[in-house]
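The values are calculated or read from the model by the stated rules, or taken from the named source; none is laboratory data. Model, not experiment: these values are computed from the prediction. Note that each Cβ is placed from the backbone with ideal geometry, even for glycine, and that neighbours are counted across all protein chains shown. Remember, those area values only see protein heavy atoms, side chains included, never the ligands or the DNA or RNA. Shrake-Rupley method; radii C 1.70, N 1.55, O 1.52, S 1.80 Å.
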Amino acid sequence: MSKKLTISAIKKSKGQKPLVMITAYDALFARLLSDSADMLLVGDSLNMSFAGKSDTISTTLEQMIYHTNAVCAGAPNTFVIADMPFGTYINKESALENSIKMFQETQADCVKIEGGEDKAEIVKYLTSNGIAVCGHIGLLPQSVRSEGGYKVKGKTDEEAVQLIEDAKAIEKAGAFCMVIEGVKAEVAKVVAQNVSIPVIGIGAGKDVDGQVLVFSDMLGLFEAFTPKFVKKYIDGASLVREAVSTYADEVQSKEFPKEEHTY
Ligand code: KIV
């Protein structure tokens, strides 16, 4: 992507073309992924795939700022979304203080916060103070412990109605787009139809306004578990193991380094 998308271009894309979002955690991959992605998400999922933790709960604001800076450096012409970690937006004052820190210490284009109707007041406070917000509704990874696991949403009429209310509340509060995660496809479709901002799905079927995947999942690098919604576009783990095993063989047999690698 040569030109960074603006918030108004992202909003206008609804109904025109599906948006491509991928997570990125470092400059090296940000650069590679930005060739094809409309938006890079510095997701707090990095706490699992990169930091090796079992969930996203222990991610810190400092960690997110460090990784957001790396991603912005690697992909300066791509729209970057920075996840606000667990506990950094428990009320509107702390949300604003922490989002300002994110904005002042990185080049992030917006922050992402998890929650629906219950977080609308916070989203409104952020957007009215110059912080662009991407919402995140449906399955909320930061609620994994309080919910006792990752639960697909939209399975009952009550849940479906609540999801539509969540999306409307987030839009009304000023969010310019939102992620919808782990939701029955037919419900996600109705949610997307009920708001005029893009709804980007992950595990929410195809009838939404774009898709997001965790890059280490879609490249087959993350092996701990594979959710049903993940498509592995390459078997990255096997490719890496194969390459490193060949390197090890060549070091041991002294086949590497050759003349061309030697000063
Ligand atoms: O942290 C993350 O990677 C996310 C995606 C799952 C949307 O929030």
(message) Give me the residue from region 94-116 that is among the charged types (D, E, K, R), surrounded by fewer than 17 Cβ atoms within 10 Å (Cβ to Cβ) and touching a residue at least 12 places away in the same chain (Cβ under 8 Å) and, out of that set, nearest to Ala169 (Cα to Cα).
(response) Lys101
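Do you know which residues across region 133-150 are surrounded by fewer than 20 Cβ atoms within 10 Å (Cβ to Cβ) and assigned to a loop (DSSP other than H, G, I, E, B)? Spell out how you get there, then give the answer.
Residues of region 133-150 that are surrounded by fewer than 20 Cβ atoms within 10 Å (Cβ to Cβ), as a first pass: 143-150.
Across region 133-150, the qualifying residues are Gly148, Gly149, Tyr150.
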(request) Working only within region 63-93, note down all residues that are over 25 Å from Leu5 (Cα atoms) and either at pLDDT below 95 or open to solvent by less than 10 Å² (accessible area, probe 1.4 Å) (or both). (result) none
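Table: residues versus (1) within 16 Å of the ligand (Cβ to nearest atom); (2) not hydroxyl-bearing (Ser, Thr, Tyr).
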{"residue": "Lys153", "(1), (2)": "yes, yes"}
{"residue": "Lys168", "(1), (2)": "no, yes"}
{"residue": "Glu171", "(1), (2)": "no, yes"}
{"residue": "Ala185", "(1), (2)": "no, yes"}
{"residue": "Ser253", "(1), (2)": "no, no"}
(request) Under 7 Å between Cβ atoms, at least 6 apart or on separate chains: pull out the pairs that start in region 204-216 with a residue that is over 30 Å from Val240 (Cα atoms) and polar (S, T, N, Q) and end on any residue that is assigned to a loop (DSSP other than H, G, I, E, B) and open to solvent by 30 Å² or more (accessible area, probe 1.4 Å). (result) none
(message) I'm checking my understanding of the structure. Among residues of region 223-257 that are out of contact with any Gly (no Cβ under 9 Å at 6 or more places or on another chain) and among the aromatic types (Phe, Trp, Tyr), which one is surrounded by the fewest Cβ atoms within 10 Å (Cβ to Cβ)?
(response) Phe225
(request) Quick one: in region 1-36, of everything that is within 13 Å of the ligand (Cβ to nearest atom) and assigned to a loop (DSSP other than H, G, I, E, B), which residue is surrounded by the fewest Cβ atoms within 10 Å (Cβ to Cβ)? (result) Tyr25
(message) On the basis of being under 20 Å from Ile57 (Cα atoms), among the acidic types (Asp, Glu) and open to solvent by 10 Å² or more (accessible area, probe 1.4 Å), does Glu158 make the cut?
(response) no
(request) Output the qualifying pairs, or none if there are none: Cβ atoms under 8 angstrom, residues six or more apart or on different chains, first residue in region 233-259 and assigned to a helix (DSSP H, G or I), second residue among the aromatic types (Phe, Trp, Tyr). (result) Tyr247/Phe256; Glu250/Phe256
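Can you confirm whether region 46-54 contains a residue that is under 30 Å from Lys17 (Cβ atoms) and in a loop (DSSP other than H, G, I, E, B)? Working first, answer last.
Here is the first cut: in region 46-54, the ones under 30 Å from Lys17 (Cβ atoms) are 46, 49.
When the remaining residues are screened for being in a loop (DSSP other than H, G, I, E, B), the result is none.
No: zero hits.
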(message) Can you pull out every residue in region 189-214 that is within 16 Å of the ligand (Cβ to nearest atom), closer than 18 Å to Lys172 by Cα and among the small types (Gly, Ala, Ser)?
(response) Ala192
